[in-house]
Amino acid sequence: ISNRAGKQRVADQIVSKIKEGDVIGVGSGSTVYLTLFAIAERIKAEGLNILAIPTSIEISMACSKLGIPLTSLYEHKPNWCFDGADEVDPDKSLIKGRGGALFKEKLLISSSPLNYIIVDDSKLVDKLGSKFPVPVEVFPQAVLHVEEALKALGAKDIVLRLAGGKDGPVITENNNLLLDVHFDSIDKDMEHKIKAITGVIESGLFINYSIEVLVAANDA
Ligand code: DER
């Protein structure tokens, strides 16, 4: 419950930042999901005109259902963006991707001049990789090659992410596979080393991005 309360508090902080005319990149995950109801309320109550660029089918569907108008990167660049994270270290480096939307999330964050990462304090870590593996989105037929290259980068354990509602692996919204990669240590150029492997589409490492982190302390 305390996580939920913390998530709600930081979600409410984000909603108060929204202003008339904003084009907002909306990340994925349960913390972001909580903001949508309050955003819909503001649109209704104030006649607010905003546009949301979603990072997943789940967020697109929720926005459509709640009456939050959608647009895309074909028509707009976002004024700002908000998203969750799995881990935040003291340098504001992130691990994201538990929800499997990391490619579009990183595209939105890279396309946006200002990014808020909203987390409850359970996400704060001293060392990146201490609680979550690094998700790596992989072109399906490249999986053996990528696993080998990740091991050469020091990966200790590599797990193909299996689906819940179907047999076999998770297939991302870009028709790729996800590897959850465990490292003992993650240095600051690991994001680029992983991205340089042929067959890697993207990873859930966000190192040196322009982000503001909003943390909600959980109730005791
Ligand atoms: O998958 C993601 O990157 C999400 O943003 C995730 O990291 C945060 O999800 P949560 O808000 O449900 O913890």
task: Collect the residues in region 121-169 that are in contact (Cβ under 8 Å) with a residue 12 or more places away in the chain, within 23 Å of the chain's Cα centre (by Cα) and part of a strand (DSSP E or B), keeping them in residue-number order.
output: L124, V134, P135, V136, E137, V138, A155, D157, I158, V159, L160
- prompt: Right, F206: aromatic (F, W, Y), touching a strand residue (DSSP E or B) at 6+ places or on another chain (Cβ under 7 Å), modelled with pLDDT of 95 or more and crowded, with 22+ Cβ neighbours inside 10 Å or not?
  reply: yes
task: For region 41-48, indicate whether the set of residues that are surrounded by fewer than 18 Cβ atoms within 10 Å (Cβ to Cβ), within 15 Å of the ligand (Cβ to nearest atom) and of a type in the set (A, V, I, L, M, F, W, C) is non-empty.
output: no
- request: Determine whether I53 is in a strand (DSSP E or B) and touching a residue at least 12 places away in the same chain (Cβ under 8 Å).
  value: yes
- request: Kindly list, by first and then second residue, each pair from a residue in region 95-110 that is surrounded by fewer than 24 Cβ atoms within 10 Å (Cβ to Cβ) to a residue that is of a type in the set (K, R) and in a helix (DSSP H, G or I), limited to pairs with Cβ atoms under 8 Å and residues at least 6 apart or on different chains.
  value: none
task: Please specify each residue of region 82-114 satisfying the condition of being part of a strand (DSSP E or B), farther than 20 Å from K188 by Cα and more than 8 Å from the ligand (Cβ to nearest atom).
output: F82
task: Residue by residue through region 85-140, note down the ones that are under 25 Å from T198 (Cβ atoms) and of a type in the set (V, I, T).
output: I95, I109, V134, V136, V138
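Determine whether region 64-72 contains at least one residue that is surrounded by fewer than 19 Cβ atoms within 10 Å (Cβ to Cβ), among the hydrophobic types (A, V, I, L, M, F, W, C) and within 13 Å of L108 (Cα to Cα). It would help to see each step written out before you state the result.
So the first thing to find is which residues in region 64-72 are surrounded by fewer than 19 Cβ atoms within 10 Å (Cβ to Cβ), and the list is 64-67, 69-72.
After this cut, where a residue has to be among the hydrophobic types (A, V, I, L, M, F, W, C) as well, the list is 66, 70.
Remaining after also requiring within 13 Å of L108 (Cα to Cα): none.
Taking every residue of region 64-72 in turn, none turns out to be surrounded by fewer than 19 Cβ atoms within 10 Å (Cβ to Cβ), among the hydrophobic types (A, V, I, L, M, F, W, C) and within 13 Å of L108 (Cα to Cα).
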Criterion (closer than 26 Å to S72 by Cα and modelled with pLDDT of 95 or more) met by exactly one of G99, G129: G99
query: If you go through region 23-40 one residue at a time, how many are more than 16 Å from the ligand (Cβ to nearest atom) and in contact with a strand residue (DSSP E or B) (Cβ under 7 Å, 6 or more places away or on another chain)?
result: 1
- request: Go through region 170-200 and give me each residue that's part of a loop (DSSP other than H, G, I, E, B) and either touching a Cys at 6+ places or on another chain (Cβ under 6 Å) or of a type in the set (K, R) (or both).
  value: K188
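The values are calculated or read from the model by the stated rules, or taken from the named source; none is laboratory data. What you are looking at is a predicted structure, and each value in this text was computed from that prediction instead of being measured. Cβ: placed from backbone, ideal geometry, glycine included. Neighbour counts: every protein chain shown.
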